[in-house]
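Have a look at the structure below before the remarks.
Since every read-out is calculated from the coordinates, none of them should be taken as a lab result. From a predicted model like this one, the values you see are computed outputs, not experimental measurements.
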Amino acid sequence: MTNQICPICLENIYFLYYKSKKCKCNVRYHLNCINEWYKIDNVCLYCKKKDSNNMTDIRIMINKYIELLVLFMNFIIIFILYIYYGN
């Protein structure tokens with residue numbers, strides 16, 4: 001992914017992002033930013049197309065990323081413990 005900027009907070013997006021499947025403008029948002037934006041209005045900031053996804057869908061996506069992160073961290077901890085105590 002190239003250097004993307006969130007249109008809500010105007011900061012760089014590096015890893016986790018949300019992209020609507022409804023609009024064709026290919027805009028990406030930070031998950032937290034779009035979560036807050038959808039509390040105000042469910043439209044794309046560029047094309048103004050209504051997005052049928054609601055905040056529950058975004059929270060599910062955030063939870064999936066958190067679960068993957070926790071799983072990865074557990075793997076790293078187990079690997080470090082194995083290296084340290086295994087030999």
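Would you mind checking the tilt of helix 31-40 against the longest principal axis of the Cα atoms of the chain, expressed as 0 to 90 degrees and rounded to 10? Its long axis makes an angle of about 30 degrees. Here's the list of lysines a cross-link from residue 48 could span, going by alpha-carbon distance under 27 Å and ignoring same-chain residues fewer than 8 apart: 19, 21, 22, 24, 39. Between helix 55-86 and the chain there is an angle of about 20 degrees, using the helix long axis and the longest principal axis of the Cα atoms.
Once Rg and the Kirkwood radius are both taken over the C-alpha atoms of the chain, their ratio Rg/Rh works out to 1.16.
Averaging sequence separations of C-alpha pairs under 8 Å and six or more residues apart, then dividing by the length of the chain, give the relative contact order as a whole percent. Show your work: numbers first, answer last.
Working: 78 pairs, mean separation 17.3, N = 87.
Here the relative contact order equals 20 percent.
As a test of the formula, what do you get for the chain when each DSSP H run with n ≥ 4 contributes -39,500 (n - 2.57) and the sum is divided by the residue count, at 222 nm and rounded to the nearest 500 deg cm²/dmol? Walk me through the numbers on the way to the answer.
Values: 2 runs with 42 residues, N = 87.
Computed mean residue ellipticity for the chain: -16500 deg cm²/dmol.
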